[in-house]
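Asks: Below: one structure in structure tokens.
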Amino acid sequence: VLLSGDMAVAVSRKGAKGSVLIPDADSRLQELASFFIGAGPPAVWNSDLPKQNYELEIGEAEVKGWTEWPSRPGMVHQVRVKLDSAGYLETESSVVNNSPKAQKVHFRARVRWTDNMRPGTIMVPLPDGILYERDVYNQIPDVMEDYSGSISNLGAPWLGRIMDHISMMQYFPGWTEMEYHMPGTEDQTLQPGDGISSPPLRILQVRG
């Protein structure tokens with residue numbers, strides 16, 4: 001667990017999933033969002049990486065984790081989560097190729113809002129301005145399919161959310177793709193013995 005003000009970031013050994021937590025009115029922790037940067041191929045939602053137990057190393061302001069990639073022998077997946085004194089959370093993922101052959105690698109960053117942030121109001125940058133409206137699930141248009149396509153060029157690489165006087169923003173400069181509401185990168189070739197890292201994903205939570 002990392003702490004900054006009244007914000008806590010927890011990283012679980014199972015799957016290296018991170019969680020953003022703050023106290024509610026009764027001082028009980030409530031989870032606002034979870035996050036994970038996975039690697040592929042295969043597609044990150046079919047990957048075995050979120051099912052693995054990660055070795056964790058906990059520092060003063062960051063957590064590092066790593067695990068073998070069972071479906072791709074010789075590959076090692078690593079995560080790093082930092083939380084600074086201003087409340088900025090930053091995470092990134094990397095892959096090391098310890099196999100004897102070249103391998104293709106890409107990254108996908110997934111941020112999921114919990115029920116404590118739903119339905120909420122979403123803010124999405126569009127070519128002609130900012131979309132600012134109540135989020136609606138299981139109806140058309142669906143944010144997971146339609147809205148994200150409008151920022152696929154990543155000219156403004158951020159997404160925001162507001163719920164009951166809590167605001168959160170995810171900021172992902174350096175990512176080149178948007179797939180199903182997840183910032184992503186293109187496949188790159190990783191030679192034996194080499195490593196590659198994703199761009200950073202940043203999350204900021206503020207009251208108001």
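The values are calculated or read from the model by the stated rules, or taken from the named source; none is laboratory data. Bear in mind that the values here come from a model prediction, so they are computed numbers and not experimental data. Glycine also receives a Cβ, built like all others from the backbone with ideal geometry; neighbour counts cover every protein chain displayed. With ligands, DNA and RNA removed, areas are computed over all heavy atoms of the protein, side chains included. Shrake-Rupley method; radii C 1.70, N 1.55, O 1.52, S 1.80 Å.
Asks: In what order, largest first, do S85, S19 sit by accessible area if the probe radius is 1.4 Å?
Replies: If we order S85, S19 from most to least accessible, we get S85, S19.
Asks: Give the range of the longest stretch in the chain that excludes all trypsin sites (Lys or Arg not before Pro) found in loop regions by DSSP and having at most 15 other beta-carbon atoms within 10 Å.
Replies: 102-208
Asks: How high is the relative contact order of the chain, given as a whole-number percent (alpha carbon pairs under 8 Å, six or more residues apart)?
Replies: 19 percent
Asks: Provide Rg and Dmax in Å for region 63-114, with only Cα atoms included in the calculation.
Replies: 13.9, 43
Asks: Highest GNM mean-square fluctuation, the chain, Cα pairs closer than 10 Å: which of V20, V44, V79?
Replies: V44
Asks: Here is a further query. Per residue and in Å³, how big is the convex hull formed by the alpha-carbon atoms of region 1-116?
Replies: Looking at region 1-116, the number lands at 101 Å³ per residue.
Asks: Picking from D187, D48, D24, which is most flexible by a Gaussian network model of the chain using Cα springs under 10 Å?
Replies: D24
Asks: At q = 0.07 Å⁻¹, what is the base-10 log of I(q)/I(0) for the chain according to the Debye formula with one equal point scatterer per Cα and no solvent? Please give it to two decimals.
Replies: These q points yield log10 I(q)/I(0) values of -0.21.
Asks: Among G59, G184, G160, whose mean-square fluctuation peaks in a Gaussian network model of the chain (Cα, cutoff 10 Å)?
Replies: Of G59, G184, G160, the Gaussian network model singles out G59 as fluctuating most.
Asks: Accessible area per residue, 1.4 Å probe, Å², for region 1-97: what's the number?
Replies: Value for region 1-97: 47 Å² per residue.
Asks: Looking at region 1-41, I'd like the Rg to Rh ratio, where Rg is from alpha-carbon atoms and Rh is Kirkwood's inverse mean 1/r.
Replies: A ratio of 1.08.
Asks: Cα-Cα pairs above 12 Å in region 160-208: how many percent?
Replies: Looking at region 160-208, the distances longer than 12 Å represent 71 percent of pairs.
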